[in-house]
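Notes for the one structure printed next.
The values are calculated or read from the model by the stated rules, or taken from the named source; none is laboratory data. Please read these numbers as outputs of a predicted model, since none were measured by experiment. Methodologically, a virtual Cβ is constructed for each residue, glycine included, from the backbone with ideal geometry; neighbour enumeration extends over all protein chains shown. With ligands, DNA and RNA removed, areas are computed over all heavy atoms of the protein, side chains included. Shrake-Rupley method; radii C 1.70, N 1.55, O 1.52, S 1.80 Å.
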Amino acid sequence: MSEDFTAEGGHGAVPTEGVETGQGKPARRTWPLYEVFVRGKRGLNHVHVGSLHAADDEMALHNARDVYTRRNEGVSIWVVKADHITASSPAEKDPFFAPAGDKVYRHPTFYAIPEEVPHL
Amino acid sequence: MTVTDERPHHALEEGFDATIAADQRIEPRDWMPEAYRKTLIRQIAQHAHSEIIGMQPEGNWILRAPSLRRKAILLAKVQDEAGHGMYLYAAAETLGVDREELTEKLIESKQKYSSIFNYPTLTYADIGVIGWLVDGAAICNQVPLCRCSYGPYARAMIRICKEESFHQRQGFELLLAMVNGTDAQREMVQESVNRWWWPSLMMFGPPDDDSPNSAQSMAWGIKRHTNDELRQRFVDMSVPQAAALGVTLPDPDLVWNDERQAHDYGEPDWAEFKAVIAGSGPANAQRIAHRRRAHENGAWVREAAQAFADKQQAADKHAGATA
Ligand SMILES: [Fe+2]
Ligand SMILES: [Fe+2]
């Protein structure tokens with residue numbers, strides 16, 4: 001009877017057949033997408049935690065506080081419009097990072113030092 | 001973002017398969033099979049909708065919570081569910097859909113949400129039982145999703161699981177207070193457990209031999225355990241908890257099986273399950289109508305904020321030009 005349902009989706013079983021998935025083209029103009037970075041505590045880097053939509057930068061900061069730091073998860077938040085991020089592309093992956101690949105002499109383990117020499 | 005990887009198709013597919021085989025994570029801009037992407041969009045979107053619709057049955061009791069303490073707790077819990085929806089819409093968007101579009105699909109019933117939220121919350125004991133059983137079942141489903149092969153979904157699930165523990169414990173504590181109260185309160189808890197037990201078991205979906213889609217999801221590392229494995233885990237966890245509350249789980253076939261080292265239990269009514277998801281549950285129409293109303297009533301706020309942002313931007317540009 002039920003070949004088109006499964007427990008996918010953590011909150012309980014939902015249909016898996018006859019469900020539309022969407023095109024990424026909303027009918028109306030929507031607020032821009034922001035990426036959110038949170039510093040968990042002093043001494044740590046900001047870390048990417050997710051994204052949200054907001055009309056402007058200030059609203060993005062407030063929304064980020066409400067969505068991503070309801071339990072003191074952060075002491076500082078950065079928000080940046082997703083459009084403003086430049087990323088290396090997956091296609092470039094191999095050649096892009098290749099220059100570091102053959103420079104084993106950048107690692108301390110490259111150098112053989114007699115064991116009796118201390119503090120090296 | 002579009003995928004710009006220009007390696008030949010078979011090389012892309014081999015790369016994807018190797019990543020899955022090594023139990024590594026697929027990230028948004030990686031090449032992925034179209035069916036993998038669609039499965040994830042469907043799953044994450046309908047998970048997000050479940051969190052958002054899930055605010056309604058509990059929100060129903062915020063104004064009637066019996067003390068300021070209980071009101072503050074319930075408010076925080078419902079806020080968390082909104083947050084869960086937001087984390088998940090953010091994860092879905094990394095697959096090339098827009099959350100506005102997903103909301104449209106929800107209110108047009110082209111995407112669904114968990115059947116459990118189509119049952120009404122008739123008494124205050126339901127708030128405790130939802131925390132205990134419904135969030136408890138969600139935890140069983142969600143913990144393995146923290147290791148899902150799709151990175152953004154797995155990371156969202158880690159955040160969510162941290163918060164779910166509060167949800168389950170506040171529910172159980174509420175029930176403990178009630179069963180230590182009057183006879184009427186104890187009866188109210190038992191009556192609520194009677195209504196929610198079977199729908200909670202249905203949250204895990206049909207039996208394994210009735211879920212052919214599960215196999216593909218497991219091969220892709222999206223799903224880690226079968227429906228029946230998760231349901232068994234939930235039953236075994238719930239039995240001692242029910243004993244601690246002094247309530248009876250409404251299943252005459254529920255009995256410890258020494259050979260299996262697990263509980264045997266009765267079969268949920270799958271016809272009811274299917275009918276409730278399809279739209280004939282007690283509260284389907286009300287849930288969707290409410291979501292639609294909230295979305296439409298909020299339209300002017302979204303538009304006003306956009307108009308304000310546009311104006312600010314124009315003013316900044318002007319100031320920049322004349323400086
Ligand atoms: Fe949740
Ligand atoms: Fe929850």
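Quick notes on this structure:
- In percent, rounded to a whole number, the relative contact order of the stretch B:67-182 is 29, using alpha-carbon pairs under 8 Å and six or more apart.
- With the helix formula -39500 (n - 2.57) applied to DSSP H stretches of n ≥ 4, chain A reaches a computed 222 nm mean residue ellipticity of -5000 deg cm²/dmol.
- Dividing the mean sequence gap of close Cα pairs (under 8 Å, 6+ apart) by how many residues chain A holds gives a relative contact order of 19 percent.
- Over the protein assembly as shown, accessible surface divided per residue gives 51 Å², non-protein components excluded, 1.4 Å probe.
- Largest first, the extents of the alpha carbon coordinates of the stretch B:202-279 on the three principal axes equal 40, 32, 21 Å.
- Pairs of Cα atoms nearer than 8 Å and 6+ residues apart set the relative contact order; for chain B it is 18 percent.
- Degrees between helix A:57-68 axis and first principal axis of chain A (Cα, 0 to 90, nearest 10): 90 degrees
- Peptide B:157-164, shielding by other chains (average Cβ, 10 Å cutoff): 2
- Legend: residues in the stretch B:94-122 shielded by at least 40 square angstrom of accessible surface upon adding the remaining protein chains to the isolated chain (1.4 Å probe, heavy atoms) are B:98, B:99, B:100, B:101, B:105, B:110.
- Scaled against the 2.2 N^0.38 Å expected of a compact globular protein of N residues, the Cα radius of gyration of the stretch B:172-323 reads 1.68.
- Estimated FRET transfer efficiency when R0 is 25 angstrom, pair residue B:14-residue A:110 (beta carbons, to 0.05): 0.20
- With N the number of residues in the protein assembly as shown, Rg(Cα) / (2.2 N^0.38 Å) evaluates to 1.10.
- Within the stretch B:233-323, the GluC sites (Glu not before Pro) that combine a DSSP coil assignment with at most 13 other C-beta atoms in a 10 angstrom radius are B:259.
- Highest average packing first - B:262-268, A:53-59, B:8-14, B:143-149, Cβ atoms within 10 Å: B:143-149, A:53-59, B:262-268, B:8-14
- Cα gyration tensor category, rounded, prolate or oblate, for the stretch B:83-172 with a/c compared to 1.5: oblate
- Rounded, prolate or oblate (a/c below 1.5 giving rounded, otherwise prolate when a/b exceeds b/c) for the stretch A:41-102 by Cα gyration tensor: oblate
- Cβ-derived FRET efficiency at R0 35 Å, residue B:236 paired with residue A:41, nearest 0.05: 0.35
- Restricting the trypsin sites (Lys or Arg not before Pro) of the stretch B:217-323 to loop positions (DSSP other than H, G, I, E, B) with no more than 13 neighbouring Cβ atoms within 10 Å leaves B:260.
- For residue A:17, solvent-accessible area (1.4 Å; no DNA, RNA or ligand), Å²: 100 Å²
- Within 10 Å of the Cβ of each residue in B:228-238, the mean number of Cβ atoms contributed by other protein chains is 0.
- P(r) histogram, all alpha-carbon pairs of chain A included - 5 Å bins from 0, percent: 2, 8, 10, 9, 10, 12, 13, 12, 8, 6, 4, 3, 2, 1, 0
- Relative intensity of the stretch A:34-74 on a log10 scale, I(q)/I(0) at q = 0.16, 0.29, 0.31 Å⁻¹, equals -0.37, -1.02, -1.10, per a Debye sum over C-alpha point scatterers of equal strength in the absence of solvent.
- Radius, Kirkwood style, for the stretch B:185-233 when every pair of distinct Cα atoms is counted (Å): 12.4 Å
- Working note: Cα gyration tensor of chain B, eigenvalues times five, square-rooted, sorted largest first, giving semi-axes of 37, 29, 17 Å.
- Label sites at residue A:57 and residue B:229, each approximated as a point 7 angstrom past Cα along Cα to Cβ, lie 4.9 nm apart.
- Partner shielding of B:135-142 amounts to 3, given as the average count of beta-carbon atoms from other chains within 10 Å of each residue beta-carbon.
- Ranked by the mean number of other Cβ atoms within 10 Å of their residues, highest first, the peptides B:277-286, B:40-49, A:80-89 come out as B:40-49, B:277-286, A:80-89.
- Farthest towards the positive end of the charge dipole of the stretch B:284-323, among the residues B:301, B:289, B:314, is the Cα of B:289, using unit charges on the Cβ of Lys, Arg, Asp and Glu.
- What a 1.4 Å probe finds exposed on chain B is 57% carbon and sulfur by accessible area, rounded to a whole percent.
- When the P(r) is computed for the stretch B:238-279, the part past 17 Å accounts for 50% of the Cα-Cα pairs.
- Between A:74, A:18, A:43, the residue with the greatest mean-square fluctuation in the GNM of chain A (Cα pairs under 10 Å linked by springs) is A:18.
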